[in-house]
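Colleague: Can you keep this structure in mind? I'll have questions shortly.
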Amino acid sequence: MSAKVRVPFLRQVVSISKKVARDPRFDDLSGEYNPEVFDKTYQFLNDIRAKEKELVKKQLKKHRSGEKHEKLQQLLQRMEQQEMAQQERKRQQELRLALKQERRAQAQQGHRPYFLKKSEQRQLVLAEKFKELKRSKKLDSFLSRKRRRNAGKDRRHLPLNKD
């Protein structure tokens with residue numbers, strides 16, 4: 001078709017079907033996210049991560065100084081933090097599961113189910129954290145850090161005495 005001739009108002013255009021992008025996080029076709037099933041399905045990734053961590057440690061021993069050493073150090077730290085976060089999620093999940101089983105057992109005995117409030121859940125988590133710190137003998141250092149942090153916050157709220 002010539003560029004100089006006007007295009008008719010009702011022209012025939014070949015329609016091209018546009019690809020629709022799907023985000024599996026929000027799409028119903030992908031199913032519902034269940035963390036327990038996800039963890040069981042992708043359990044093999046933990047083994048791979050452990051091997052990678054060992055490899056990074058070996059490389060870190062090889063490179064004692066320099067930019068490469070710093071990058072490997074950061075990578076190792078990030079891997080350890082991810083591992084700790086995963087363990088914390090797993091522990092939280094086990095706690096929720098235990099509470100759920102306890103509720104079921106009470107329901108079978110004929111009691112009405114009691115759901116903990118958010119504040120009560122936080123208190124349980126805090127009590128568990130204190131027990132864990134006591135077992136690992138890190139409670140004193142944790143409490144001293146907490147006291148220092150709170151003292152700094154209190155100092156900020158005090159009025160300044162300027163004579």
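Colleague: Go through (1) exposed (fewer than 13 other Cβ atoms within 10 Å of the Cβ); (2) closer than 22 Å to Q43 by Cβ for K61 and report which single condition fails.
Modeller: Among (1) exposed (fewer than 13 other Cβ atoms within 10 Å of the Cβ); (2) closer than 22 Å to Q43 by Cβ, K61 violates only (2).
Colleague: Filter region 96-154 down to the residues that are closer than 22 Å to P35 by Cα and in a loop (DSSP other than H, G, I, E, B) and list them by number.
Modeller: Within region 96-154, F115, L116 meet the criteria.
Colleague: Cβ-Cβ below 9 Å, separation at least six or inter-chain, first residue in region 71-94 and outside the structural domain of V56 (by the TED database) and at negative phi, second in a helix (DSSP H, G or I) and at pLDDT 90 or above: which pairs?
Modeller: Listed pairs, sorted by first residue: none to list.
Colleague: Further, regarding this structure: Does any residue in region 126-145 that is free of Cβ contacts under 8 Å to residues at least 60 places away in the same chain come within less than 6 Å, Cβ to Cβ, of a residue that is outside any helix (DSSP H, G or I) and not polar (S, T, N, Q) six or more places away or on a different chain, and which pairs are these?
Modeller: Filtered contacts from region 126-145: no entries.
The values are calculated or read from the model by the stated rules, or taken from the named source; none is laboratory data. Since we're looking at a predicted model, the values are computed, not measured. Note that each Cβ is placed from the backbone with ideal geometry, even for glycine, and that neighbours are counted across all protein chains shown.
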